[in-house]
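K.L.:
Could you have a look at this structure, given as structure tokens, before my questions?
The values are calculated or read from the model by the stated rules, or taken from the named source; none is laboratory data. Model, not experiment: these values are computed from the prediction. Here Cβ is always computed from backbone atoms with ideal geometry, including for glycine, and neighbour counts include all displayed protein chains. Just so you know, the surface numbers come from the protein's heavy atoms only, side chains and all, with ligands and any DNA or RNA stripped out. Shrake-Rupley method; radii C 1.70, N 1.55, O 1.52, S 1.80 Å.
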Amino acid sequence: MLGITALAPRTGQQVLDVGCGTGLNFSLLQQRVGTSGTIVGIDRSADMLNMARRRATARGWNNVILVQADMVLLDPRSIAARIEESGGSAASDAALATYSLSLMGDWTRAWANMTALLGPGGRLGVVDLQDPVGGARWLIPSARLACALGGSDITAAPWRAIEQQCVNVLRGSARGGHLQIRTGDMPEAPVI
């Protein structure tokens, strides 16, 4: 919820949900983009996408496009064409990666592919995990164990890409700093 609030997609926009899994973000995204918008869920797991498809169908969300692809290995032009063939736009207005980039072996390639699927000035959001800080540091062993069991790299810090490459960056954290939330806009022209 924090990532979607910070991303602030608007009615009618097309939003990529990168590593969408079972579609847990879809309800909140639907509230933001409405029936005139589009949600594009991308995940490499056919089983997860089947659950996301059932979720969308059960709720009558006809504006959800699901794409099975590995964000690290995909060709953005091919995925853009598949999205268009399914009724969406080749370029999305925004993209959100919730707890997914740190699961990907080469999250920097996934990030590059994610940004390649955006239109000029597209908005990006990342919600991911790090070691708790401050008074919550005593939770570090539990946080590291939970991330390791889930396959996540707690040291990845993929939100740094937003800090380095975007403008209008908003920063947030929760749960003792364990959750890191970043949003920003891709510059329409190179930043010098």
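K.L.:
For region 1-29: of the residues being touching a Ser or Thr at 6+ places or on another chain (Cβ under 7 Å) and part of a helix (DSSP H, G or I), which is surrounded by the fewest Cβ atoms within 10 Å (Cβ to Cβ)? Can you show your working first?
P.N.:
Of all residues in region 1-29, those touching a Ser or Thr at 6+ places or on another chain (Cβ under 7 Å) come to 3, 6-7, 11-12, 14-16, 18-19, 25.
If we keep only those that are part of a helix (DSSP H, G or I) too, we end up with 3, 6-7.
Details: 3: 22, 6: 19, 7: 27.
Checking each candidate, the answer is 6.
K.L.:
Condition test on residue 153, is it modelled with pLDDT under 95, open to solvent by 50 Å² or more (accessible area, probe 1.4 Å), part of a loop (DSSP other than H, G, I, E, B) and more than 17 Å from residue 41 (Cβ to Cβ)? So that I can check it myself, show each step before the final result.
P.N.:
On the way: modelled with pLDDT under 95: yes; open to solvent by 50 Å² or more (accessible area, probe 1.4 Å): yes; part of a loop (DSSP other than H, G, I, E, B): yes; more than 17 Å from residue 41 (Cβ to Cβ): yes.
Answer is yes for this residue.
K.L.:
Continuing with the same structure: If you check residue 54 against the conditions, is it of a type in the set (D, E, K, R), in contact (Cβ under 8 Å) with a residue 24 or more places away in the chain, more than 23 Å from residue 121 (Cβ to Cβ) and open to solvent by 30 Å² or more (accessible area, probe 1.4 Å)? Write out each step before concluding.
P.N.:
Values: of a type in the set (D, E, K, R): yes; in contact (Cβ under 8 Å) with a residue 24 or more places away in the chain: no; more than 23 Å from residue 121 (Cβ to Cβ): yes; open to solvent by 30 Å² or more (accessible area, probe 1.4 Å): yes.
Here the answer is no, as residue 54 does not meet what is asked.
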